[in-house]
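J.: Structure below; questions to follow.
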């Protein structure tokens, strides 16, 4: 069992809660595959996998769009949000990034290497999700489990879990420390908001609700406290 998250030192640490939920569900999905019965219904697994895949792809895309790329743009833009073409645009309540220090040249090289690895891992993650979907649609079919393809499905799910863990580990080791250094608290709150609330969805709360169900009671309380802070963003000066 993974270690309990007892506190969030900064708003961006909310991502640890998301990562924990994604990893916990990965273990659950893998266990579901391992216990599939030949001839049994595939629908429970497909529903669980589709929900997990939707959450992990959404999270990976938000990280890349609003966090990794924003860090790379921090020296040339005064705001942190990027549009779909990678151009900087205003993100409500974000202030100008602080000036770089004497080690800025080294940090720039680190950021570029970090971004390249993040992009590679993100694409690998998407590819692994597609591999599982291909097994579900092409090999197994739509309703029941076939014995000869059960192992194939298990292998693809394990590969996806490993790719996910690699992606999250890189984010926690390299991206989050840079975010804490580069972004003020208000900026981090805005970033946490786009990670948890999908403003383009019919139900913007689907992601935060999905995460909450996979946390301990104490971690749910931390998420609730963060949600309260996110609600206060509406009062942020324009």
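The values are calculated or read from the model by the stated rules, or taken from the named source; none is laboratory data. Not measured: the values here are computed from a predicted model. For neighbour counting, all protein chains shown are included, and Cβ atoms are generated from backbone atoms with ideal geometry for every residue, glycine included.
J.: Does residue 163 meet the test of being at pLDDT below 95, part of a helix (DSSP H, G or I) and buried (at least 18 other Cβ atoms within 10 Å of the Cβ)? Walk me through it before giving the result.
T.: Values: at pLDDT below 95: yes; part of a helix (DSSP H, G or I): yes; buried (at least 18 other Cβ atoms within 10 Å of the Cβ): yes.
Against the criterion (at pLDDT below 95, part of a helix (DSSP H, G or I) and buried (at least 18 other Cβ atoms within 10 Å of the Cβ)), residue 163 qualifies.
J.: Mind checking whether some residue in the range 125-142 is within 18 Å of residue 63 (Cα to Cα), surrounded by fewer than 18 Cβ atoms within 10 Å (Cβ to Cβ), touching a residue at least 24 places away in the same chain (Cβ under 8 Å) and touching a helix residue (DSSP H, G or I) at 6+ places or on another chain (Cβ under 7 Å)?
T.: yes
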